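**Student:** The structure's right below; bear with me while I get my questions together.
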Amino acid sequence: MTTMITRTHAELLITVKAIRYAGGTTSQMLATIARMLTNPATPEQYEDNLHTVTATAAHHFAYEKDTGPTSYPEDATYDDLTPEGQMVVIRHVIFDLGERDQPAETAVTTAQTTTPTTRYLAIAIDESDTFALGLDGAPLPAHHLVAIAEAEEDTEDGETTLFPLPKIVAILDSGVPLDNDAPELDGLLDRHGWKLIGESDGYPDNDEHEVTPTNPTTTPPAIEYHDGRPMPYYVAGRKKLDERGSLVDALLVTTFTAAQATDPGKWGLDHTGVELLLTGAVRAAVDDRLDFEQVVRGNAGHDCKRRLLMAACAAIDTALEVIGERATCRTCDGPAVSRTTDGKPVCANTGH
């Protein structure tokens, strides 16, 4: 029977980060977690809780020493951890011993869950530098490739055309070198769980076809691609997932990387504030995806975990857009400090 009281992930994370920013050690952060999990009415249980907290940290610290980006000596202690390694271990402890936050009604929990109504284009790639990296972050071979992208309609002069978005669901490798003729598209799509449902009328070169997944349930949300590469936070999370097989590890790294890559000052936030907002969005997206696939979290296989990670990254993309929209002046793109009566963000300069 546990002696710990309930604390949310957000409560624990905010407190330990305050200790970190004040120059506190990893040991002090762990002791604070134990103190927060101890009922003030039974202070004698603190030592037992501290033992549980440090034992949990030891388990994850061992993994960090073996597979983390930094090599530590055998006699390394918690306080020898680099800032990145420290937060990996601390987050593990918090997520293992804390309780899931219940997002407020106003929290950013927008998730982009793939539904059968999402439209896709299969795009033939016959130039080796169009896509530099695959969805796993690895370089792509000089083969005929087919990218599956989400698409949106655009109507002009009464004519509706499908246009691809920079949101990539899959990159199919035909295995055929670029020097050879391109293979038949039907067979390649079929092997990877896609099928043709028509052609995009706006492309007479016939390089793009509208497709649909054979099984929408196992189709992941798309992830943002820029300059032929997936967003860095997805690559970091995917690498961690493939190394350890732990979705929790991957989501922690993904969220941390995305938050650290932002400039929160322009939104009137700090990195901790951004990370907490992204964490809420990620949890909601993962839970929605699990419900959509009707999978119990503990039963998720590796392919399912990859789809969950992509769902999390789609939610991060959306959350960052929403945060920026809510916190940026519509007139001059400066930080918003107030809102008009219709809710649009504006800055302090009332002269425009």
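The values are calculated or read from the model by the stated rules, or taken from the named source; none is laboratory data. Nothing here was measured: the structure is a model prediction, and the numbers come from that model. Cβ placement follows ideal geometry from the backbone for every residue including glycine, while neighbour counts extend to all protein chains displayed. Remember, those area values only see protein heavy atoms, side chains included, never the ligands or the DNA or RNA. Shrake-Rupley method; radii C 1.70, N 1.55, O 1.52, S 1.80 Å.
**Student:** Residues in region 236-277 that are farther than 18 Å from HIS60 by Cα, surrounded by 20 or more Cβ atoms within 10 Å (Cβ to Cβ) and aliphatic (A, V, I, L, M): how many?
**Tutor:** Qualifying residue count for the region: 5.
Here's the yes/no breakdown for (1) free of Cβ contacts under 8 Å to residues at least 60 places away in the same chain; (2) more than 24 Å from the chain's Cα centre (by Cα):
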{"position": "ILE5", "(1), (2)": "yes, yes"}
{"position": "LYS17", "(1), (2)": "no, no"}
{"position": "SER27", "(1), (2)": "yes, yes"}
{"position": "ILE33", "(1), (2)": "no, yes"}
{"position": "LEU37", "(1), (2)": "no, yes"}
{"position": "THR42", "(1), (2)": "yes, yes"}
{"position": "ALA55", "(1), (2)": "yes, yes"}
{"position": "HIS60", "(1), (2)": "yes, no"}
{"position": "THR70", "(1), (2)": "yes, no"}
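**Student:** Can you tell me which residue is modelled with the lowest pLDDT among those in region 81-118 that are crowded, with 16+ Cβ neighbours inside 10 Å and over 21 Å from the mean Cα position of the chain (by Cα)?
**Tutor:** The qualifying residue modelled with the lowest pLDDT is LEU81.
**Student:** Right, something else. Among LEU172, LEU135, LEU165, which is in a strand (DSSP E or B) and touching a Lys or Arg at 6+ places or on another chain (Cβ under 9 Å)?
**Tutor:** LEU172
**Student:** Please enumerate the residues belonging to region 144-162 that are over 21 Å from the mean Cα position of the chain (by Cα) and farther than 16 Å from ASP207 by Cβ.
**Tutor:** Residues satisfying the conditions are GLU152, GLU153, ASP154, THR155, GLU156, ASP157, GLY158, GLU159, THR160.
**Student:** State all residues of region 240-260 that are under 19 Å from LEU135 (Cβ atoms) and either small (Gly, Ala, Ser) or in contact with a Lys or Arg (Cβ under 7 Å, 6 or more places away or on another chain) (or both); if no residue qualifies, say none.
**Tutor:** If we filter region 240-260 for residues that are under 19 Å from LEU135 (Cβ atoms), which is where we start, we get 240-247, 249-251, 253-255, 257-258.
Across region 240-260, the qualifying residues are LEU241, GLY245, SER246, LEU247, ASP249, ALA250, VAL253, ALA258.
**Student:** State which residue is nearest to ILE123 (Cα to Cα) when the search covers only region 188-209 and only residues that are open to solvent by less than 100 Å² (accessible area, probe 1.4 Å) and modelled with pLDDT of 85 or more. Step through it out loud before you land on a result.
**Tutor:** First pass over region 188-209, keeping only residues open to solvent by less than 100 Å² (accessible area, probe 1.4 Å): 188-189, 192-194, 196-198, 200, 202-203, 205-209.
Pick out the ones that are also modelled with pLDDT of 85 or more and you get 188-189, 192-194, 196, 209.
Values: LEU188: 12, LEU189: 11, HIS192: 14, GLY193: 15, TRP194: 13, LEU196: 12, HIS209: 7 Å.
The residue in question is HIS209.
**Student:** Taking region 237-264 on its own, how many of its residues are without any contact (Cβ under 8 Å) to a residue 24 or more places away in the chain and either of a type in the set (Val, Ile, Thr) or over 22 Å from ARG297 (Cβ atoms) (or both)?
**Tutor:** Selection size over region 237-264: 4.
**Student:** Shifting gears a bit: Are any residues in region 5-39 surrounded by fewer than 18 Cβ atoms within 10 Å (Cβ to Cβ), within 13 Å of GLU99 (Cα to Cα) and not charged (D, E, K, R), and if so, which ones?
**Tutor:** ILE5, THR6, THR8
**Student:** For region 291-308: of the residues being free of Cβ contacts under 8 Å to residues at least 24 places away in the same chain and among the small types (Gly, Ala, Ser), which is surrounded by the fewest Cβ atoms within 10 Å (Cβ to Cβ)?
**Tutor:** The extreme case among them is GLY298.
So that you can scan it fast, the table gives a plain yes or no per residue for (1) outside the structural domain of PHE61 (by the TED database); (2) at pLDDT 85 or above; (3) part of a helix (DSSP H, G or I); (4) among the hydrophobic types (A, V, I, L, M, F, W, C):
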| residue | (1), (2), (3), (4) |
| --- | --- |
| PHE256 | yes, yes, yes, yes |
| ALA259 | yes, yes, yes, yes |
| THR262 | yes, no, no, no |
| LYS266 | yes, no, yes, no |
| LEU269 | yes, no, no, yes |
| THR272 | yes, no, yes, no |
| VAL282 | yes, yes, yes, yes |
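**Student:** Taking only region 225-247 into account, find how many residues are hydrophobic (A, V, I, L, M, F, W, C) and either out of contact with any helix residue (DSSP H, G or I) (no Cβ under 8 Å at 6 or more places or on another chain) or on the phi > 0 side of the Ramachandran plot (or both).
**Tutor:** Pass one, region 225-247, residues hydrophobic (A, V, I, L, M, F, W, C): 231, 235-236, 241, 247.
Next, only the ones that are either out of contact with any helix residue (DSSP H, G or I) (no Cβ under 8 Å at 6 or more places or on another chain) or on the phi > 0 side of the Ramachandran plot (or both) stay: 235.
Residues meeting the conditions: 1.
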